[in-house]
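Presented below is the structure to which this report refers.
Rule-based calculations on the coordinates, nothing more; no lab input. Predicted model only: the values in this text are computed from it and were never measured. When we count neighbours, we look across all protein chains shown, and the Cβ atoms used for this are built from the backbone with ideal geometry, even at glycine.
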Amino acid sequence: MGLLSWIRKRRGLALAVCLALSVTMLAGCGGGSKGGGGSAGKKEALTIGMFNAPDSFNPLFNPGIAGQFTIRFMYDTLLGMPEINKFTPQLANSIDTTDNQNFTIKLNEKAKWTDGKPVTADDVVFTFNLIANPKVETTKGSYINMLEGTDSVGKRPDGTPIPDLVAVDEHTVTFRTKKPVDPNYLKSMLGFEVYIVPKHVFEKIDPANISNSDAVTKPTVTSGTYKFVSYKTNDHVELAANEDYYKGSPKLKKVFIRIMNGTNLVTELKSGNVQLAASGGIGSVPVKDLDVLKKDSKLIVKAVPSLNTQYLEVNNSNPAFNVKFRRAVTMAIDRQKICDELYKGTAQIVPTVYTKVSPVYDESVKPLPYDPEAAKKELAESGFDTSKEITLQVPIGNVLREQSADLIQQNLQAIGLNVKQQKLDFPTVLGNAKKGDYEMMLLGYGLTPDPDYSNYFVPGGSNNFCHADDPKLTEMMNNAASLPDAEARKAAYKEIQAYMRDNQFVTSLYETDQINVQSKNLVGGIKDFWEGSLDDLYQWHFE
């Protein structure tokens, strides 16, 4: 009201100034379809819609997909990967080896932090050692656990530096793996999944307190295409172009990532206020609205298979939830009905965590069938006391997942289980998953193209939300990850898929197709391989 009063009192020139300011402010908030900023009405602000709030801006600890997506705007990894196992230079020009065990990283000499300091070999060595520090909370341990001297979860229990990890000069790093490894495995994990952090910032922080430090809650020194401006909790993240970005100044000067539900996302895409859906399981439009969006001449709509999967997690650490119980749960759920009725053909049943997009997917491993009578038999053999109430935790935000919870609850009740739902916000569910403070819950994974998913199933793994502790599975996964060539690894992962299908450490409900929606005049956007979508981010622009 103060602004309106001021306008009424000051006509003429003052009114013109105020209107100009209003246009600028609208452009800064993502604006409408006309956009703002730049010359001749050129749109320089992109607004992206997603329905999960980022759980973290911490480059070392980011279990949630929304957080990982947001961090990639701000931090670069050593390599990019726009397609599965196709690598591009980022902070590193190359990661090379002659024997698959001794590797050399050559850094891009132009790369620098947003405070102007160069990205150096010391930063890389510091980052790897920080991840390996037992005091540091991190989700990156499984991405460096192939390094000599680290344990199965990528830690140095005694806190000493990683052996044979050397900054040879300002732009060269050498290191050694425990045994010869598949170079694509190393590039996919260590090269593409690990964000390098600035040593001169993080070395001043107590390693045990990094997760609560300003450096990760309000990051100011980063290496990526965009710089952090602000975050309004559960509303939006504002990012500004890193004009000195080493690949070139970004063409889009502002990016807004807005948190909204699926219905609002559809409305905002049609109005032009949002020009890109984040996809990747964190910003997918409701299936029921697909036909409406496809008829909009201003939008591009595409559905492609993905590595994204939805799961029913059963807490494996509870002795009552033994293998017979877990198999009963899986066979009780009519997964095909969920795919048909809720997803309208944009989801497919998968027998394990490996989807058809995975290079190691084994078609001979068939999913456990929907068979309520067999489920009742396995449940009886499990010895579970069916008079006990079981709580199913359901994260809010993903409407179809919430609707699937109703069908799952009905299916489980039909075999005699007493299941009730508890709906919680996503960060709370994720926290409960990590602590093991749950009985059953629904979660989605955005998995890597490399098939090493030990982080989700090996004791100590930061994403082992099902709290699996199966010695045979651990041995199989550790062995498969360490094999030196792709064909040997593929054979090993076939055996793992059969073992996972038989033991149901998690119930793999379905793979969800990735639905990409964006404005037609946006050049760039979400790729078929979702995790590599931001590889060319600095070149995105509006025509």
Summing +1 for each Lys or Arg and -1 for each Asp or Glu, what net charge is found among the other residues whose Cβ lies under 13 Å from the Cβ of residue 388?
-2
Here D for the chain, in µm²/s, from Stokes-Einstein with a Kirkwood Rh over Cα pairs at 25 °C and 0.890 mPa s, works out to 100 µm²/s
Send over the semi-axes of segment 274-347's equivalent ellipsoid, whole angstrom and largest first, taken as the square roots of 5 times the C-alpha gyration tensor eigenvalues.
35, 14, 8
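Using 0.36 nm per residue, how much length does the chain from residue 206 to residue 218 gain when fully extended, once their Cα-Cα distance is taken away?
On the way: separation 12, 0.36 × 12 = 4.32 nm, distance 1.68 nm.
Value of the extension gain: 2.6 nm.
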Before anything else, pin down the relative contact order of the chain: Cα pairs under 8 Å, at least 6 apart, normalised by residue count, whole percent.
19 percent
Distance in nm between label sites at residue 502 and residue 230, each 7 Å beyond Cα in the beta-carbon direction?
5.8 nm
Using the number of other C-beta atoms within 10 angstrom as an exposure proxy, rank 252, 239 with the fewest first.
252, 239
Which distance in Å, rounded to a whole number, links the C-alpha centroids of segment 378-443 and segment 465-517?
23 Å
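Counting only C-alpha contacts under 8 Å and six or more residues apart, can you give the relative contact order of segment 76-211 as a whole percent? Working shown, then result.
Numbers: 249 pairs, mean separation 41.2, N = 136.
30 percent.
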Which residues make up the longest stretch of the chain that has no trypsin sites (Lys or Arg not before Pro) in a DSSP loop with at most 16 other Cβ atoms within 10 Å?
389-519
In segment 262-367, the GluC sites (Glu not before Pro) that sit in a DSSP loop and have at most 16 other Cβ atoms within 10 Å of their own Cβ are 363
On each of the three principal axes the extent of the alpha-carbon atoms of segment 76-211, given in whole Å and largest first, is 36, 36, 28
Using label points projected 7 Å from each Cα along Cα→Cβ, tell me how many nm separate residue 94 and residue 115, to one decimal.
3.3 nm
